[in-house]
Structures are given as C-alpha cells and as structure tokens.
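Worksheet for the structure shown next.
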Amino acid sequence: MGCMDSAANNYNAEATEDDGSCTYANPDPDPDPNPEPEPEPEPVPEPTCVDGETRPADDDCNDCVCGGGEWACTEMACNPVDGDSSSSSSGGMTTSQMVRVVLGVLSLIAGVFLITLLIRVRDQEDEGKFE
C-alpha cells in the first residue's frame with residue numbers, strides 16, 4: 001500500500017496498491033492572505049541651497065555652485081607649495097610663501113646696509129688722497 005503515482009512527491013515504487021495518500025507540489029500557491037503593504041515613497045528632500053548660490057569648497061581651492069537645490073563643486077587638483085597646504089580661505093599666501101617673502105626682504109635690507117657701509121669705508125680711505 002502507498003502512493004503509486006510517479007509524479008507525486010511521495011511516490012513509492014514498491015507499493016502494490018494505491019491508498020490515496022499521494023501528495024503533489026503546488027505550482028500556484030494561494031496568494032498570501034496578508035500581503036506586505038507597498039513601502040511609502042521617500043519624501044523629496046528640501047533643497048540645501050538656492051540655485052546660483054556659490055561658496056568655496058571644503059578644500060579652500062575649488063568652488064561650489066548650487067544647481068537644482070544641490071551643491072556641485074569643481075574638482076581641480078590643488079597644488080600646495082613645498083608640501084605646505086596651509087593657505088588662507090581667501091586665497092592668500094601659504095606659510096612657506098610668507099617666509100620666503102620675509103627672508104627676501106631681510107636679504108635686500110642687509111644688502112643695502114653692506115653697500116652703504118662699503119661706500120662709507122671707501123670714502124674715508126679716499127679723504128686723505130685729495131688734500
């Protein structure tokens with residue numbers, strides 16, 4: 001006794017008499033009586049800026065422009081001088097550039113002082129020659 005239908009899930013090849021116990025796969029299961037509701041659409045976010053508004057980018061090198069309520073920033077490479085990337089947000093000189101300017105001015109002052117000193121020493125040497 002057993003299921004004698006070879007298409008059944010519980011087919012018994014040794015059964016000699018069908019007892020009506022055959023079970024079959026359900027190709028079209030009944031729809032879920034409590035289906036999950038469709039998710040709510042996400043709300044449209046408020047604009048983070050006003051179209052046409054501009055601001056400096058976080059890297060203090062590039063610029064950002066507002067379009068469609070979102071910021072779009074340029075992504076050009078920023079080239080720090082001698083590895084020094086500490087510049088002011090207004091595009092001023094880096095610390096390295098400022099040191100170079102100060103050293104240049106001090107060198108210029110020292111040069112003028114030495115030339116003035118040499119001229120005075122020469123004038124003192126020449127005073128006795130023309131008397």
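Since every read-out is calculated from the coordinates, none of them should be taken as a lab result. Please read these numbers as outputs of a predicted model, since none were measured by experiment. Every residue, glycine as well, gets a Cβ built from its backbone with ideal geometry; the counts of neighbours run over all protein chains shown.
Table for the structure above
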{"item": "R0 of 41 Å, Cβ-Cβ distance Val44-Ile109: FRET efficiency to nearest 0.05", "result": "0.05"}
{"item": "Extended-chain gain in nm, criterion 0.36 nm per residue less alpha-carbon gap, Glu17 and Glu70", "result": "11.5 nm"}
{"item": "Added length on full extension, which subtracts the Cα-Cα distance from 0.36 nm per residue, Thr95 to Leu118", "result": "4.8 nm"}
